[in-house]
Amino acid sequence: MRDILVTILVFGSLPLIYKKPWWGAVMWIWISVMNPHAQGWGFARTFPFAAIIAVVSVISLVTYKGDKKLPMTPPVVLFITFLLWMSLTSLFAIHLDQVYDQWNKVLKIFGMTLVVLMLIKDREQINAVIWSIVVSIGYYGVKGGIFTIRSGGSDRVWGPAGTFIDGNNEVALAFVMVIPLMIYLLKYTVNRWARYAFMASIGLCALAALGSYSRGAMLAIAAMGVFLWLKSKEKVRLGLALALLVPLLMLAMPDQWYDRMNTIGEYKEDASAMGRVNAWYMATNLAADRLMGGGFQIYDAGVFAKYAPDPRDVHAAHSIYFQVLGEHGFIGLFLYLALGVATWRTGTWLISKTRLDPEMKWAADLATMCQVSLLGFAVGGAFLSLAYFDVPYYVMAALVAARVLVEKELKLRLASKQTVQKPSSHPLEQTRSA
C-alpha cells in the first residue's frame, strides 16, 4: 500500500511540476529528505523516484519562460566554488578509484540545490520549501516522540535506514534543526487545530531528540535555546516557557538516559569520544601534508597508519569541520566556513531590513528561525559526519530567495517614491509651470 501511495503521489505531481517548475523543488526535497519510498516493502524501495522528479524538473526549467535566473549572491558564489573545489580535490584523491560514487552523490545534492535556487522566487514558494523540510523530518520526529513515550525512553530513537539520518545521532540533529522551522510556520498558522497540531509536533520532535540519547543533540538544543532567548522580544515569557517545558521533557527520560548525558564531561574516559579525537588529529595531519586533502573515502587503515596518533583506531570524522578538512584541505574548510558565515549574514541582513516592516516581517521571522536551525546544525554537526547533509543547503536556499525577494520589493518602493513629482522650489520654474 505504501509503495502504491508514493507512486501515485510522485507520478501525479509530474504534470504539476511541468506546469509550475517550483513544485519540482518541493517534491525533490520531500523525496530526498524524507525518502518515503524507503518506508515501503516492495518495488518502491529501489524505484528511481528522485531521478524522475529531477529530470522532469530540469526539463520544465529549460522550457519555462518565467524568471529562472540563478541569484549570484555571496552564499551562492561560495556554494558553487566549494562544489568546484571538491571536484578538483577528487581528481587528486588518495583513493582516486573509490571517490566517484561519493562525488556523484554530492554533485546531485549540490546540483539540485542550484535548481531549487533557480526556481523559488516568492513568499509562497519559499514557504513551500520550508513546509517540505518540516513534513519530511517532522514525520519521523512525531513517530520518534510517540515511540519514546511508549517505551518510557528506555529504547533509542533511530532514523530511517539508508538515509543521511539513519543513525540515532544524525536523526536527532535533524529533529533539532526542524523545530525552529516548525515555530516559524506555527506563527503564521491561523487555524486553531492546526496550531495545536504544530505545538504537539514540536513537543514530540523535542522528545524524539532526547530519546535518541544523542549528546551532540543536547548541546545543540542548549545552544539554540540560549540564542532563541537572546533574540526574543519576550524574554520573560519565553524564559518561563522553557523553564517549564524542559524539565517536563527530561522527567520523561529514564536513569540510563541521564547516565549517558553525564558522560559529556568525561570524554577522556569514553572510547567513542577518544576515537573521534583520533580521527580529528588524522584529518588535521592529512590536511597539513596535502594541500587538497585526501579526497573522499579516506577513512581506512592505510590513511590512519600514516596520519593518525593511534593507527589502530579507525573512525569516520564524526565532525562536519574535520570531515571537510581531511577530505578537502584547509582551503576546502575555509570555503565551507565562509559559506556558513555568508548564509548567516544573509539572515542578519533580512532581520535588519524587515523586522520593523509589517508587510515583510515574515522575512525577519523566517531568517531568525533559519539562523536558529543553522546554529543547531553548526553545534551538533561538530560531532557528526554530515557535511553533505542536504537540509542546511535548502535552508540556505530559502534565505537567499527571501533576500532577493526583499531586495526587489525595496527597490520597487524606492522607485515608486522617486517617481512622485515634487513642486519646484525655484521661482522661475514655478512661473513657467503656471
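The numbers here are math on the coordinates, done by the rules we state, and not lab data. In this text the structure is predicted, and so the values were computed from the model without any measurement. With ideal geometry, Cβ positions are generated from the backbone for all residues, glycine too; neighbour counts draw on all protein chains shown.
Assuming 0.36 nm per residue, please report the length gained on full extension of the stretch residue 52 to residue 101 beyond their Cα-Cα distance.
Residue separation times 0.36 nm, minus the Cα-Cα distance, leaves 15.7 nm.
Taking the dipole about the Cα centre of the chain, with the C-beta of Lys and Arg at +1 and of Asp and Glu at -1, give me whichever of 321, 334, 129 is farthest to the positive side.
129
Just want the answer: with Cβ charges of +1 for Lys and Arg and -1 for Asp and Glu, which residue in 360, 25, 307 is farthest toward the dipole's positive end in the chain?
So the residue we want is 360.
If I model a spin label as a point 7 Å beyond the Cα along the Cα-Cβ vector, how far apart are those points for residue 123 and residue 38 in nm?
So the two model labels end up 3.5 nm from each other.
Of 16, 275, 221, which is farthest along the charge dipole of the chain in the positive direction, counting Lys and Arg as +1 and Asp and Glu as -1 at C-beta?
The residue sitting most towards the positive pole is 16.
Might you report the magnitude of the Cβ-based charge dipole of segment 9-126 about its Cα centre, with Lys and Arg at +1 and Asp and Glu at -1, to the nearest 20 debye?
Rounded to the nearest 20 debye, it is 360 debye.
Which semi-axes, in whole Å and largest first, does the equivalent ellipsoid of the chain have when worked out from the alpha carbon gyration tensor as the square roots of 5 times its eigenvalues?
Over the Cα atoms of the chain, the ellipsoid semi-axes are 38, 28, 25 Å.
Apply 1/(1 + (r/R0)^6) to the Cβ-Cβ distance of residue 338 and residue 4, taking R0 = 35 Å, and write down the FRET efficiency to the nearest 0.05.
0.15
Please give the contour-minus-distance gain from residue 16 to residue 88: 0.36 nm per residue of separation, less the Cα-Cα distance, rounded to one decimal in nm.
22.2 nm
Could you work out the helix-only [θ] at 222 nm for the chain, with each DSSP H run of four or more residues adding -39,500 (n - 2.57) and the total divided by the number of residues, to the nearest 500 deg cm²/dmol?
-24000 deg cm²/dmol
Residue 80 to residue 255: FRET efficiency via 1/(1 + (r/R0)^6), r the Cβ-Cβ distance, R0 45 Å, to the nearest 0.05?
Efficiency at R0 = 45 Å is approximately 0.35.
Over all directions, the average projected area of the alpha-carbon convex hull for segment 1-66 comes to how many nm²?
Mean shadow area of the hull around the Cα atoms is 3.9 nm².
Classify segment 346-414 as rounded, prolate or oblate, taking a ≥ b ≥ c as the square roots of the eigenvalues of its Cα gyration tensor: rounded when a/c is under 1.5, otherwise prolate if a/b is larger than b/c and oblate if not.
Prolate is the answer for segment 346-414, as a/c is 1.5 or above and a/b outweighs b/c.
Just how far, in whole angstrom, is segment 125-169 from segment 69-114 if you go by their alpha carbon centroids?
A separation of 27 Å, based on Cα centres.
Simple spin-label model, 7 Å along Cα-to-Cβ: residue 417 to residue 222 in nm?
Taking the simple label geometry, residue 417 and residue 222 are separated by 4.6 nm.
If you place +1 on the Cβ of every Lys and Arg, -1 on the Cβ of every Asp and Glu, and leave all else neutral, what size is the dipole of the chain about its Cα centre, to the nearest 20 Debye?
So the magnitude is around 1800 debye.
Treat segment 67-183 as a sphere of radius equal to its Kirkwood radius over Cα pairs and apply Stokes-Einstein at 4 °C in a medium of 1.567 mPa s; give the translational diffusion coefficient in µm²/s, rounded to a whole number.
Rounded, D is 76 µm²/s.
I want to verify a result. In a Gaussian network model of the chain, Cα cutoff 10 Å, which of these has the top mean-square fluctuation: 198, 377, 322?
It is 198.
Quote to one decimal, in nm, the extra length available between residue 64 and residue 316 on full extension: 0.36 nm per residue of separation minus the C-alpha distance between them.
Full-extension gain reported as 86.4 nm.
Would you please give the FRET efficiency between residue 242 and residue 188, computed as 1/(1 + (r/R0)^6) with r the Cβ-Cβ distance and R0 = 22 Å, to the nearest 0.05?
Between residue 242 and residue 188 the formula returns 0.50.
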